[in-house]
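What follows is a single structure, written as structure tokens, with notes after it.
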Amino acid sequence: MRFRSLPALSRRALSGWRGLLARPSHTGIVHLGLGNFHRAHQAVYTSEALRAEPGPWGILAATNSSRRLVSALAAQDLLYSVAELSPSGVHVSVPSVHTGLLIAAEDPAALVAAIAAPATRIVTLTVTESGYSYSPESQGLALDSPDIRYDLENPSTPRTPIGVIARGLHRRMTAGLPGLTVLSCDNLVANGRRTRRLVREFVEAMRAPELLQWIDQHVTFPGTMVDRIVPATTDALRALVSEKLHVLDAVPVPAEPFSMWVLEDDFAAGRPRWEAGGAIFCDQVGPYEVMKLRLLNGTHGLIAYLGLLAGQEFIAEAIRVPFVEEAARRMIAEDLLPLPEFPDGVDLPSYVDQLFERFRNEALGHRTVQVASDGSLKLPQRIGPAILDNRRAGRMPQLLALAIAAYVCCVAPLDGQLVRGAEQIRDPALPRLRALATESTSIAGLVTAVFQRGEVFDAEIGGDTEFVARVAELARLIRVHGVARAVADTVV
Ligand code: CS2
């Protein structure tokens, strides 16, 4: 409690640092999604870029609805700290790149206006898998979802990121302003192309062919691969940061030391010198994205679900359970490698070694439940394509099947008895999956119903009866004999 006597974080409280704090001259970037990931990734690169080369790249960031976060940042001159946590210590920095904040749900018109402001050159997004209004059935925009329908009917108060972007671009075109860049920084397959497609489908549904043409000519959607493990903020972190900085920060962000950002260099109206912070620009981001989504995120999911079933609260603890580590290593070696394409200049064995070192970072406090959340949206991105690659090559990907079995056992156990920690998992599919669990009389029946109804995976995977049967059998083993036995059964 002695921290309470410290001054709050502000430019003034850090006056000794002033030379080091970036000072963007104007707002050039409008960002959707003010979560921890944005604040420990893009904001840090932008801060480095501005230190290397001043420019109009201040960020006006919108949270969907977190008034608490906006008030806390506003009380701190929009500053916050990023604490890099590793077993060898803590390193605290203060990126200072935000020039304004908005609450999208409360003031959507202001957000649309910000995108349509003459000085805006880039719109960035970290809205997670669930923010894109993507429909796995149509593999395009969820035109039937209530929010997209609302956005089509209410031009001035859009609720979805795709609706906000489309309305903002419309205003820019009508005002005769130049185009800009829309940059997705989320873990989606082909995130740039996908965002472009979703925005175009929204505009088609608006029946605005001139806007469609304008977007094709003036707006770019580069692909990106983003990577940094960023847990949620805790009180322990607040105390640690306050001790280090001698000021109180109500909203610090924890992060691992590792950070990577690979982008296609296709910007319609300029960009910050993000390479000054270590960003890599290249023509084809696809191979990096596949490597990261499959090897890091895919394996992360397996570790989280097996870890929860084995009673582990943290990823670093889960990976220390011998059968979890074995499953993760075998998933990479047997089911995920070889990748369809390798990124130039990446040494895969070292990348994989480094991955395990990152997962083992116990200073980070990364919770299994955080990675386990939203599995119905994450798994199709992270392991869906690898399942198809394996099946097309005539293989049964045992560990990918196990990941899905473990997911179902975690989120919708047949008897309704959730393992400790699993009650904190958030996932939009939970009500449907739990209703199916109540109706099912066997775990195999439940797994089959999940696939048949296309709850998580599309028809190509759901229609693969041999694969579905294998997932069902592994889920049965987890239920009857426990998760260690199910892992042992994947050795063929
Ligand atoms: C994690 C990711 O929560 C999750 O699902 O797999 O957030 C992961 O930590 C990042 O993608 C790492 O770049």
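Would you please name the residue that is surrounded by the most Cβ atoms within 10 Å (Cβ to Cβ), looking only at residues in segment 266-320 that are under 23 Å from Glu48 (Cα atoms), among the aromatic types (Phe, Trp, Tyr) and touching a residue at least 40 places away in the same chain (Cβ under 8 Å)?
The selected residue is Tyr288.
Any residue in segment 31-50 that is over 23 Å from the mean Cα position of the chain (by Cα) and not assigned by TED's automatic domain parsing to the domain that holds Glu362?
Within segment 31-50, one or more residues are over 23 Å from the mean Cα position of the chain (by Cα) and not assigned by TED's automatic domain parsing to the domain that holds Glu362.
Which fully enclosed helices (runs of 4 or more DSSP H) of segment 226-327 have 1 or more residues being within 19 Å of the chain's Cα centre (by Cα)?
286-291, 299-309, 315-318
Being within 15 Å of the ligand (Cβ to nearest atom), touching a Leu at 6+ places or on another chain (Cβ under 7 Å) and open to solvent by 10 Å² or more (accessible area, probe 1.4 Å) is true for just one of Arg360, Arg382, Arg330, Arg367. Which residue is that?
Arg382
Do the conditions hold for Val419, that is, is it in contact with a Gly (Cβ under 9 Å, 6 or more places away or on another chain) and farther than 27 Å from Ala190 by Cα?
Judged against the criteria, Val419 is a match.
Among (1) away from the ligand (no atom under 14 Å from the Cβ); (2) open to solvent by 10 Å² or more (accessible area, probe 1.4 Å); (3) among the hydrophobic types (A, V, I, L, M, F, W, C), where does Phe258 come up short?
Result: Phe258 passes all but (1).
Among the residues of segment 393-410, is any over 28 Å from the mean Cα position of the chain (by Cα), open to solvent by less than 30 Å² (accessible area, probe 1.4 Å) and more than 22 Å from Leu293 (Cβ to Cβ)?
No, that holds for no residue.
Checking Asp227 against (1) within 25 Å of Arg68 (Cβ to Cβ); (2) charged (D, E, K, R); (3) open to solvent by less than 10 Å² (accessible area, probe 1.4 Å), which single condition isn't satisfied?
Evaluating Asp227 over (1) within 25 Å of Arg68 (Cβ to Cβ); (2) charged (D, E, K, R); (3) open to solvent by less than 10 Å² (accessible area, probe 1.4 Å) leaves (1) as the failure.
Can you name the helices (runs of 4 or more DSSP H) wholly within segment 396-484 that have at least 2 residues being over 18 Å from His300 (Cα atoms) and hydrophobic (A, V, I, L, M, F, W, C)?
Result: 430-439, 443-452, 459-462, 465-481.
Out of the residues in segment 293-316 that are in contact with a Ser or Thr (Cβ under 7 Å, 6 or more places away or on another chain) and within 9 Å of the ligand (Cβ to nearest atom), which is nearest to Glu256 (Cα to Cα)?
Once the filter is applied, the top-ranked residue is Ile315.
For segment 446-455, name all the residues that are at pLDDT 95 or above and not hydrophobic (A, V, I, L, M, F, W, C).
Thr448
Enumerate the pairs (first residue in segment 368-385 and touching a residue at least 40 places away in the same chain (Cβ under 8 Å); second residue anywhere and among the acidic types (Asp, Glu) and within 10 Å of the ligand (Cβ to nearest atom)) with beta-carbon separation below 8 Å, excluding pairs fewer than 6 apart on the same chain, so at least 6 apart or on different chains.
So the pair list comes out as Asp374/Glu129; Leu377/Glu129; Lys378/Glu129; Gln381/Glu129.
In this structure, is Thr448 without any contact (Cβ under 8 Å) to a residue 12 or more places away in the chain and either touching a helix residue (DSSP H, G or I) at 6+ places or on another chain (Cβ under 6 Å) or polar (S, T, N, Q) (or both)?
Considered against the rule, which asks whether it is without any contact (Cβ under 8 Å) to a residue 12 or more places away in the chain and either touching a helix residue (DSSP H, G or I) at 6+ places or on another chain (Cβ under 6 Å) or polar (S, T, N, Q) (or both), Thr448 comes out as no.
I'm checking my understanding of the structure. Among residues of segment 277-325 that are modelled with pLDDT of 95 or more and of a type in the set (S, T, N, Q), which one is farthest from Ala43 (Cα to Cα)?
Checked segment 277-325; the qualifying residue farthest from Ala43 (Cα to Cα) is Gln312.
How about segment 234-276: which of its residues are at pLDDT below 95 and in contact with a helix residue (DSSP H, G or I) (Cβ under 7 Å, 6 or more places away or on another chain)?
Ser242
The values are calculated or read from the model by the stated rules, or taken from the named source; none is laboratory data. Model, not experiment: these values are computed from the prediction. Note: ideal-geometry Cβ built from the backbone for every residue, glycine included; neighbour counts use all protein chains shown. What goes into the accessible areas is simple: the full protein's heavy atoms, side chains included, and nothing from ligands, DNA or RNA. Shrake-Rupley method; radii C 1.70, N 1.55, O 1.52, S 1.80 Å.
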